[in-house]
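Data block below; observations after.
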Amino acid sequence: MQSHLKTFAFSLALAGVFAMTACASGNGGSNGAASPPASPSASATSPVASDPLPGTDPTPSAGAGTGTKPPASPPARTAETDDTGAELKELLKLAQKGRAPGIAYAAHTGLIDDVEKDWGKADKTEAAGKGIYATYAKKNAVIGFNKGSQIFDVRSSDPKLQKLTLKQIERTLGKPADTTKNGDDAIYVYNAGKQFQLKFVIPKSTGQVDHISVFSPQDAVNNMAG
């Protein structure tokens, strides 16, 4: 009886071993036989270094990476700017001779008698400061002279001059040597050699030249006194 039990137990154990072997073999066929998933290639997963990122511009902007902006272009010069500069330089040259444009009579060397011979009597004559001023409206001119008939001030209100502004004047001639006031008029004074001054009279109301004056300070005296 005991031998039969031993034989039966051995048979059961052996059957269990076969069953486990068969199960392991079945699992190996589905899992163990399969190759592990291949690693994705670098070219398939990693972005190429030279390719731009989505939504970005591959072309670097000017000044990128330097922290600076490209230099601005200088303002273009215009024919008008050049013409105005040439006009102002010519004004200064004439002033160094005691003259204003369009007027043949010079301060310091001219006489009011010569003006009257050519232009006739003035529209009006009035005393002002240390002299007398004769107005010739059609000539856009006012001539200042002393009591010895010597011209010391030549003024022009030519319409061409009345387009000038202080900004244009300073761009060509620089800052004035002196600035004075006469009511609402600002008077900007430039030295024209040792003898003369070139003055630009600009009313506050317009911001543009009303008239210019070529002035000889040493002749603005009453040379008939004493």
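Considering the stretch 188-216, the residues that are part of a strand (DSSP E or B) and open to solvent by 30 Å² or more (accessible area, probe 1.4 Å) include one that is farthest from residue 97 (Cα to Cα), namely 208. Checked against (1) modelled with pLDDT under 95; (2) touching a strand residue (DSSP E or B) at 6+ places or on another chain (Cβ under 8 Å); (3) among the basic types (Lys, Arg), residue 69 meets all criteria but (2).
Just checking, how many residues over the stretch 167-185 are under 18 Å from residue 83 (Cβ atoms) and either in a strand (DSSP E or B) or open to solvent by less than 70 Å² (accessible area, probe 1.4 Å) (or both)? The total comes to 5.
The values are calculated or read from the model by the stated rules, or taken from the named source; none is laboratory data. These numbers were taken from a predicted model, which means no experiment stands behind them. All Cβ positions, glycine included, derive from the backbone under ideal geometry; neighbour counts span all protein chains shown. The accessibility values were calculated without ligands, DNA or RNA, using every heavy atom of the protein model including side chains. Shrake-Rupley method; radii C 1.70, N 1.55, O 1.52, S 1.80 Å.
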